[in-house]
Amino acid sequence: MKYYLPADYDDFQCLKGACRHTCCAGWEIDVDEDTARLYEELPGPAGELARASLYRNGDTLSFRLDASGRCPMLREDGLCSLICAFGEDALCNICADHPRYRSFFSDRVETGLGLCCEAAARQTVYRKTPYRLVLVEDDGEEAPLTEAEREVLSMRARFADILERDALSYERKEAETESLLPPFSRPSCRDAAAFLQGLERLDPAWDERLQILSAGGRAHPASPSRDRALSQLAVSFLYRHLPGAAEDGQPAARTLFALWAVRLIGAITETDSLDDLAESARMFSAEIEYSEENLAACLSYVKTWFIAEW
């Protein structure tokens with residue numbers, strides 16, 4: 001099995017107390033059994049708080065969130081009591097792993113950084129070199145790719161190559177990629193907003209962005225930096241979602257979803273600032289990518305746009 005990481009993986013740094021959108025609030029935080037056993041031995045106030053904050057629901061152990069949805073280990077300064085007292089080794093698996101995601105193939109595991117994290121979203125929109133995965137470990141065990149996996153990897157490489165051509169505007173890259181898909185009819189911004197408003201929503205700020213979409217969305221002047229940022233977002237979504245086509249056989253819908261995501265993010269971004277673009281990407285990811293129900297609904301929605309099957 002081979003293990004791959006993004007080439008700029010080591011550049012990722014949690015913003016800690018400076019993060020405006022902590023991952024320690026608003027999410028269910030499950031605690032694995034090995035870490036729960038560790039908490040039984042932790043000394044001092046932080047250890048006592050960790051033990052007192054755990055509750056079991058069936059087979060699952062979780063931290064009991066407070067009334068505002070904050071993890072009990074989250075201090076007022078935005079730092080984690082466990083990390084401050086014992087270091088990162090005291091984190092449960094889900095906290096230590098966030099915002100990483102993994103794509104699994106027969107011969108490899110690919111790790112990426114999810115855009116719901118403020119730092120990961122900024123790193124993506126400001127990336128100036130093509131997105132690349134690098135081999136970091138190979139245990140020597142070989143397994144052949146399935147035909148579907150080979151097709152997905154070939155398709156992803158072809159689309160990513162188009163999306164990362166610096167000589168083309170993002171609009172041209174999008175058009176060239178879409179020309180390789182079956183004919184489709186994209187809904188208007190207002191129709192898309194109505195669809196998204198019918199999904200589960202977590203953050204009132206997302207409602208405000210959808211109101212922008214309902215009004216027709218924002219238009220922004222093209223620039224080399226913006227074109228590069230949009231391209232990096234598209235490639236990020238492509239790497240995260242196209243691998244799933246090896247299982248569900250929907251490469252066209254997943255590719256179009258990646259492109260649609262970038263269109264939506266651009267349309268709901270209020271200013272020409274790349275910081276604002278990164279914030280829109282973070283909100284989209286948190287609201288759509290990190291909800292299995294919302295993501296499935298969006299993929300089904302996109303699939304209905306096609307006039308003909310792949």
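The values are calculated or read from the model by the stated rules, or taken from the named source; none is laboratory data. In this text the structure is predicted, and so the values were computed from the model without any measurement. As a convention, Cβ positions derive from the backbone with ideal geometry for all residues, glycine included, and neighbour counts pool all protein chains shown.
The table below lists the values:
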| quantity | calculated |
| --- | --- |
| Enumeration of residues in the stretch 178-194 that are part of a helix (DSSP H, G or I) and surrounded by 14 or more Cβ atoms within 10 Å (Cβ to Cβ) | 178, 189, 192, 193, 194 |
| Those helices (runs of 4 or more DSSP H) lying entirely in the stretch 80-158 with at least 3 residues out of contact with any Leu (no Cβ under 8 Å at 6 or more places or on another chain), over 21 Å from residue 65 (Cα atoms) and hydroxyl-bearing (Ser, Thr, Tyr) | none |
| Scan of the stretch 146-167 for residues that are touching a residue at least 12 places away in the same chain (Cβ under 8 Å) and either loosely packed, with under 13 Cβ neighbours inside 10 Å or not charged (D, E, K, R) (or both), ordered by number | 146, 148, 152, 153, 155, 158, 159, 160, 162, 163, 166 |
| Residues satisfying the stated conditions in the stretch 1-47, i.e. in a loop (DSSP other than H, G, I, E, B), without any contact (Cβ under 8 Å) to a residue 60 or more places away in the chain and of a type in the set (S, T, N, Q) | 22 |
| The lone exception for residue 67 - which of (1) outside any loop (DSSP other than H, G, I, E, B); (2) free of Cβ contacts under 8 Å to residues at least 12 places away in the same chain it fails | (1) |
| Criterion violated by residue 59 - all others in (1) over 30 Å from residue 236 (Cα atoms); (2) surrounded by 12 or more Cβ atoms within 10 Å (Cβ to Cβ) satisfied | (2) |
| Matching residues, the stretch 183-217, being closer than 20 Å to residue 273 by Cβ and out of contact with any helix residue (DSSP H, G or I) (no Cβ under 6 Å at 6 or more places or on another chain) | 203, 205, 208, 211, 215 |
| Residue count, the stretch 76-94 (criterion: within 19 Å of residue 13 (Cβ to Cβ) and either exposed (fewer than 13 other Cβ atoms within 10 Å of the Cβ) or not assigned by TED's automatic domain parsing to the domain that holds residue 46 (or both)) | 4 |
| Matching entry among 253, 296, 246 (being surrounded by fewer than 19 Cβ atoms within 10 Å (Cβ to Cβ) and within 22 Å of residue 104 (Cα to Cα)) | 296 |
| Residue among 111, 60 that is among the hydroxyl-bearing types (Ser, Thr, Tyr) and at pLDDT below 90 | 60 |
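Matching residues to (1) in contact (Cβ under 8 Å) with a residue 40 or more places away in the chain; (2) in a helix (DSSP H, G or I); (3) within 15 Å of residue 170 (Cα to Cα):
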| site | (1), (2), (3) |
| --- | --- |
| 210 | yes, yes, no |
| 220 | yes, no, yes |
| 231 | yes, yes, yes |
| 235 | yes, yes, yes |
| 254 | yes, yes, no |
| 259 | yes, yes, yes |
| 265 | no, yes, yes |
| 276 | no, yes, no |
| 280 | yes, yes, no |
